[in-house]
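Down below is the structure, laid out as structure tokens.
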Amino acid sequence: MSDEIQIKQIPAQLALVVSTRVRMTEIAAGMGRAFDALMRHAMSTGAQFAGPPFTLYPEMPAEEFTFLVCMPVTPGAVAGEGVDLQELPATEAATLLYRGPYDAMEPAWGRLMQWIGASGRQPGGPMREVYLNDPDAVGPDDLLTELVVPLA
């Protein structure tokens, strides 16, 4: 894990989005179904990817919660059944690069949120996890995830 928290300007981003409501114990399965739906939709419509996939958390994860599975795309992509097309606004964000298993990133999130509080800033939008490599290509200890918190 990188110890360096950075403030970054995140540009506006067009994305295909699948909204998923899951129980905490079903996150991986829900995410898998949503990514499968995104990939099928992209292949059937010819959407071109424009960056790594990510998830948005419009609400804090709880026993049951909704999150959005997103795939950045180039202009020309279209929505479809169960797949929305959204333009996410540009934002300033605090970020932290996490290396390791998805199910062990909670301390990194805690550290990032503590840093934001200590900086005098406040979260200003849905948190996101940007998945920088493929879990089918690397082992759990080598997974790279950028944790992103938009700032108010």
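The values are calculated or read from the model by the stated rules, or taken from the named source; none is laboratory data. Nothing here was measured: the structure is a model prediction, and the numbers come from that model. Cβ placement follows ideal geometry from the backbone for every residue including glycine, while neighbour counts extend to all protein chains displayed.
Here's a check for you: in the stretch 20-48, which residue that is modelled with pLDDT under 95 and not in a helix (DSSP H, G or I) is surrounded by the fewest Cβ atoms within 10 Å (Cβ to Cβ)?
Step by step, filter the stretch 20-48, then rank; the result is 21.
Which condition number does residue 120 fail, the rest of (1) part of a loop (DSSP other than H, G, I, E, B); (2) crowded, with 16+ Cβ neighbours inside 10 Å; (3) among the small types (Gly, Ala, Ser) being met?
Failed condition: (2).
Can you tell me which residue among 107, 52, 75 is in a loop (DSSP other than H, G, I, E, B) and within 23 Å of residue 142 (Cα to Cα)?
52
Does the stretch 93-106 contain any residue that is closer than 26 Å to residue 16 by Cβ, modelled with pLDDT under 95, crowded, with 16+ Cβ neighbours inside 10 Å and not charged (D, E, K, R)?
The answer is yes; a qualifying residue exists.
Please determine whether any residue of the stretch 112-131 is of a type in the set (Gly, Ala, Ser) and touching a residue at least 60 places away in the same chain (Cβ under 8 Å).
Going through the stretch 112-131, the residues of a type in the set (Gly, Ala, Ser) turn out to be 117-120, 124-125.
This time we only want the ones that are touching a residue at least 60 places away in the same chain (Cβ under 8 Å), so: none.
Among the residues of the stretch 112-131, not one is of a type in the set (Gly, Ala, Ser) and touching a residue at least 60 places away in the same chain (Cβ under 8 Å), which makes the answer no.
Answer yes or no: is there a residue in the stretch 61-68 that is within 16 Å of the chain's Cα centre (by Cα), surrounded by 14 or more Cβ atoms within 10 Å (Cβ to Cβ), free of Cβ contacts under 8 Å to residues at least 60 places away in the same chain and not in a strand (DSSP E or B).
Taking the stretch 61-68 first, the residues within 16 Å of the chain's Cα centre (by Cα) are 61, 65-68.
From the residues that got through so far, the ones that are surrounded by 14 or more Cβ atoms within 10 Å (Cβ to Cβ) too are 61, 65-68.
Those still in the list that are free of Cβ contacts under 8 Å to residues at least 60 places away in the same chain too: 61, 65-68.
Filter once more, so that each one left must be not in a strand (DSSP E or B): 61.
Scanning the stretch 61-68, I find at least one residue that is within 16 Å of the chain's Cα centre (by Cα), surrounded by 14 or more Cβ atoms within 10 Å (Cβ to Cβ), free of Cβ contacts under 8 Å to residues at least 60 places away in the same chain and not in a strand (DSSP E or B), so the answer is yes.
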